[in-house]
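Worksheet for the structure shown next.
The values are calculated or read from the model by the stated rules, or taken from the named source; none is laboratory data. Worth saying up front: this structure is predicted, and the values here are computed from it rather than measured. With ideal geometry, Cβ positions are generated from the backbone for all residues, glycine too; neighbour counts draw on all protein chains shown.
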Amino acid sequence: MTTLGAVFRPQLAPERLRSVARLADDVGLEELWLWEDCFREGGISTAAAALAWTERVRVGVGLLPVPLRNVAITAMEAAGLHRMFPGRVVLGVGHGVQDWMGQVGARAQSPLTLLREHLVAMRALLAGERVTSRGRYVTLDDVALDWPPETPVEVLAGATGPRTVRLTGEAADGTILTCATSPDGVRRARRLIDEGRAAAGRDDRPHKVVVYLLAATGAGAEERVRADLIAEGAGDEPGAGVTGDAKAVAEAVQRLAEAGADSVIVQPTSDEPDPEGFVRFVAEDVRPLVS
């Protein structure tokens, strides 16, 4: 069965998270996803709060920009969350928005190399290994976590371009695709992921694909979705985004699932007027219509 979730967007003030997270828990939403967006909200702090305020909903962070983070700190924080809230944490890393990385002096000359090195080191640390790395960006000297997760955990990576998508198959446990991804885009991504898995000898392991689906209902829904897709650079991407009632959204979710998505995370527009109502809509109206 396709996993269904919703996004708490960082355009909302941090103090709004508590009511949204608790509602998500109460209405049976499977996953609530958060973003670490410059310069709005931190991913680990918001994830820890959402997990502490709830009992059952899984909390995802998609994604943590690796140029901002030393891999040892990221692994320490991830391990802490996984140990305190076992089975309820989904973490993804990625390039981050390059303009934002430049604003803080963290833009890498080779984002692909940085992401590869970060993924390799982070997965090893979270597996309890002792790591020495002297890469172009990641340097570790005999580093091991005192408190690694007690069971194996997944590290996902966000990707848009084909080289990064292929890298996620090589070096990550799953791939996060943006709301600009149509069903055909999911199929293309799956092919690239499988190429990466085969090249790394990892095609015998499962690889989760998470896709955001931009959605809006009610008056002005089409204009709101269109504006957000244009902001994402995907205004002309056929099949991206959906407007309408629960049936329309469920059918869009199903199309992404049939194309290869394991999890579909329904993303409200940046100007969504009722985030609590949106979470309730996804959990109570859309979920029963998705197989």
* Among the residues of the stretch 247-263, which ones are of a type outside the set (S, T, N, Q) and touching a Ser or Thr at 6+ places or on another chain (Cβ under 6 Å)? -> 257
* Asked: Taking the stretch 252-275 on its own, how many of its residues are in contact (Cβ under 8 Å) with a residue 24 or more places away in the chain and not in a strand (DSSP E or B)?
  -> 16
* To do: Mind listing whichever residues of the stretch 1-33 are under 15 Å from residue 264 (Cα atoms), among the aliphatic types (A, V, I, L, M) and touching a Phe, Trp or Tyr at 6+ places or on another chain (Cβ under 8 Å)?
  => 6, 7, 32
* So is residue 17 within 18 Å of the chain's Cα centre (by Cα) and touching a residue at least 40 places away in the same chain (Cβ under 8 Å) or not? -> no
* Hey, residue 13 surrounded by fewer than 22 Cβ atoms within 10 Å (Cβ to Cβ) and either at positive phi or at pLDDT 95 or above (or both) or not -> yes
* To do: Mind telling me which of the residues 218, 239, 201, 233 ends up being within 23 Å of residue 32 (Cβ to Cβ) and either surrounded by 16 or more Cβ atoms within 10 Å (Cβ to Cβ) or of a type in the set (Gly, Ala, Ser) (or both)?
  => 218
* Structure fact -> When restricted to 34, 126, the only residue surrounded by 20 or more Cβ atoms within 10 Å (Cβ to Cβ), within 20 Å of residue 232 (Cβ to Cβ) and in contact (Cβ under 8 Å) with a residue 12 or more places away in the chain is 34
* Does the stretch 200-241 hold any residues that are touching a Lys or Arg at 6+ places or on another chain (Cβ under 8 Å), among the small types (Gly, Ala, Ser) and on the phi < 0 side of the Ramachandran plot, and which are they? -> 216, 235
* Structure fact -> Of the residues in the stretch 260-287 that are aliphatic (A, V, I, L, M) and within 16 Å of residue 1 (Cβ to Cβ), the one that is nearest to the chain's Cα centre (by Cα) is 265
* Asked: Which residue, of 56, 88, is closer than 22 Å to residue 212 by Cα and surrounded by 17 or more Cβ atoms within 10 Å (Cβ to Cβ)?
  -> 88
